[in-house]
Amino acid sequence: MSPFPSFLLLSSFLILSPVALSAETASVPPVAQERIPVKKSGHQLNVIYFLGSDTLPVPDYERRISELLIHLQQFYAKEMQRHGYGARSFGLTMKSPDRVNIIEYKAKQPASHYPYENGGGGRAAQELNEFFNKNPDKKKSTHTLIIMPTWNDEKNNANNPGGVPFYGMGRNCFALDYPAFDIKHLGQKTNEGRLLTKWYGGMAHELGHGLNLPHNHQTASEDKKYGTALMGAGNYTFGSTPTFLTGASCALLDACEVFSTSPSQKFYDGQTDVETKGIAISVTGNQILISGSYKSPQLVKALNIYVQDPPYAVNQDYDAVAFSTKLNKKNGKFNMRIDKNELSSLQNNEFRISLMFVLNNGRQVQRHFTFYKDKLQDYKDSGKS
Ligand code: ZN
């Protein structure tokens, strides 16, 4: 992990193609240079480089993290575009076209005060809340990505990063930094390349949680066509094999504060009620039919449906096969048809169908229905909500 081999590589690369690439973008692999114009968002993700009081930043972090975030912003934008939402992504505040405005925050306590376990993430988030309260101009939205340098102790180091928080926690999410956390390793079949998929894929996935996304699984046909859902096991594939965002994930991002192009729109407050009526779920041959009507004081942007095996708790929901349909009304009817062949990843006798209404203010309203394959009965509600 010494900096010299990469420096040599960079030098020879520059000599081979001195015209095509500037020194600034020389480390970005061609795939990450294919950029589409991203629509300007009205709110931006806060990006914090969080240092314990006894910790120095990992060298060159501003360039490395900027390049990784810009590529990730592109990934989200391309997926949003593919699902018909336009080239929207999480907003970033920029220092220059190639540098993200990353806030370097020096914490009150040593790094050991903010470990992966025992509430380390919560303590860091609370300290950052106080920081934002004192510096409201620095807070660009309610979504924050917090990046900490790996610990260097008997267990963790540059070759085995860790020790620090690495998860989503409400609208905060945590990722980590280490010397080879650099987009030049993207897709490489090297130790650095595999390490990058793990930690960059991990950052892409945890950021998804911080942007309101639950876990979900690709359908059988998506698996063949697009690979692995980022919010399933995509944190292990991102950068190395095809990885994508499901329609259900993009429906939620469509109603996420930092994806909104309107600076004045308010998120996550206001009423969250959705009244449903006449929900009917029936299984006919190879089809699951789901229908009913809905009514809300808010615009209901979409209906996501998740079908999963037990258990249903958070972090046991990676198997939730996801479907989505756009509604874009305050009230109306919905009608979805799910081909059972799309659920081939589910094996249990018991399964659960969840309806998730995605509201314009970013809130989600869910209803759950449990079924047993060996004694399937149609569900029909009484007509009251
Ligand atoms: Zn996760």
### Summary
At the level of C-alpha centres, the distance separating the stretch 207-227 and the stretch 304-378, in angstrom, is 14 Å
### Task
Pull out the extension gain between K138 and D54, defined as 0.36 nm times the separation in residues minus the alpha carbon to alpha carbon distance; nm, one decimal.
27.9 nm
### Cβ-Cβ FRET estimate between N152 and F369, R0 fixed at 41 Å, reported to 0.05
0.25
### Message
Let me check I have the definition right: for the stretch 253-298, take the eigenvalues of the Cα gyration tensor, multiply each by 5, take square roots. What are those semi-axes in whole Å, largest first?
### Response
32, 15, 6
### Task
Would you mind working out the magnitude of the charge dipole of the stretch 37-119 relative to its Cα centre, with +1 at each Lys and Arg C-beta and -1 at each Asp and Glu C-beta, to the nearest 20 Debye?
440 debye
### Message
Under the 0.36 nm per residue contour assumption, what length would be gained going from the current alpha-carbon distance of K329 and T190 to full extension?
### Response
45.1 nm
### Task
Could you check what % of the DSSP bridge pairs in the chain are antiparallel, to the nearest 5?
75 percent
### Summary
The FRET efficiency for M94 and E350, from their Cβ-Cβ distance with R0 = 45 Å and rounded to 0.05, is 0.40
### Message
Averaged across orientations, what area in nm² does the convex hull of the alpha carbons in the stretch 287-347 project?
### Response
4.9 nm²
#### Entry: Two-decimal Rg/Rh across the stretch 47-196, once Rg and the Kirkwood Rh are taken from alpha-carbon atoms
0.97
### Query
Using only helices, what value at 222 nm comes out for the chain when you add -39,500 (n - 2.57) per DSSP H run of length 4 or more and divide by the total residues, to the nearest 500 deg cm²/dmol?
-7500 deg cm²/dmol
### Task
Indicate, rounded to the nearest 5 percent, the antiparallel portion of the DSSP beta bridges found entirely in the stretch 205-326.
80 percent
### Query
For the stretch 178-254, what log10 I(q)/I(0) values come out of the Debye formula at q = 0.11, 0.12 1/Å, with one point per alpha carbon and no solvent?
-0.28, -0.33
### Task
Please sort by residue number the trypsin sites (Lys or Arg not before Pro) in the stretch 167-220 whose DSSP state is loop and whose Cβ has at most 16 other Cβ atoms within 10 Å.
K189
#### Entry: For the stretch 156-221, size of Cβ-based charge dipole, Lys and Arg +1, Asp and Glu -1, in debye
120 debye
### Task
State to the nearest 20 debye the size of the charge dipole of the chain about its Cα centre, where the only charges are +1 on K and R beta carbons and -1 on D and E beta carbons.
1320 debye
### Query
Exactly which GluC sites (Glu not before Pro) in the stretch 100-174 are in a DSSP loop and have at most 15 other Cβ atoms within 10 Å?
E117, E154
### Message
Could you give each residue of the stretch 92-106 its phi-based ³J(HN,Hα) in whole Hz, using Karplus coefficients 6.51, -1.76, 1.60 with θ = phi - 60°, and x for Gly or Pro?
### Response
10, 8, 10, 8, 7, x, 10, 10, 7, 6, 9, 7, 8, 10, 9
### FRET efficiency, S221 to K108 (Cβ-Cβ, R0 56 Å, nearest 0.05)
0.65
### Message
Compute and list, largest first, the equivalent-ellipsoid semi-axes of the chain from the alpha carbon gyration tensor, each √(5λ) rounded to a whole angstrom.
### Response
39, 23, 21
### Task
Between beta-carbons, use under 11 Å as the cut-off and find the net charge around V258, counting Lys and Arg +1, Asp and Glu -1.
+2
### Charge dipole (the chain, unit charges on Cβ, about Cα centre) - positive-most of G91, M356, Q308
M356
### Summary
Most exposed to least, judged by fewest other Cβ atoms within 10 Å, F351, F259 sort to F351, F259
### Task
Starting from the Cα gyration tensor of the stretch 98-146, multiply each eigenvalue by 5, take the square root, and state the resulting semi-axes largest first in whole Å.
21, 13, 11
## Note on the structure
So, over other residues within a Cβ distance under 11 Å of S221, counting Lys, Arg +1 and Asp, Glu -1, the net charge is -2
### Segment V283-V314, extension gain: residue separation times 0.36 nm, minus the distance between their alpha carbons
8.5 nm
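All of the numbers you see were taken from the coordinates with simple rules; none came from a lab. Please read these numbers as outputs of a predicted model, since none were measured by experiment. So basically every Cβ, Gly included, is an ideal-geometry build from the backbone, and we count neighbours across all protein chains shown.
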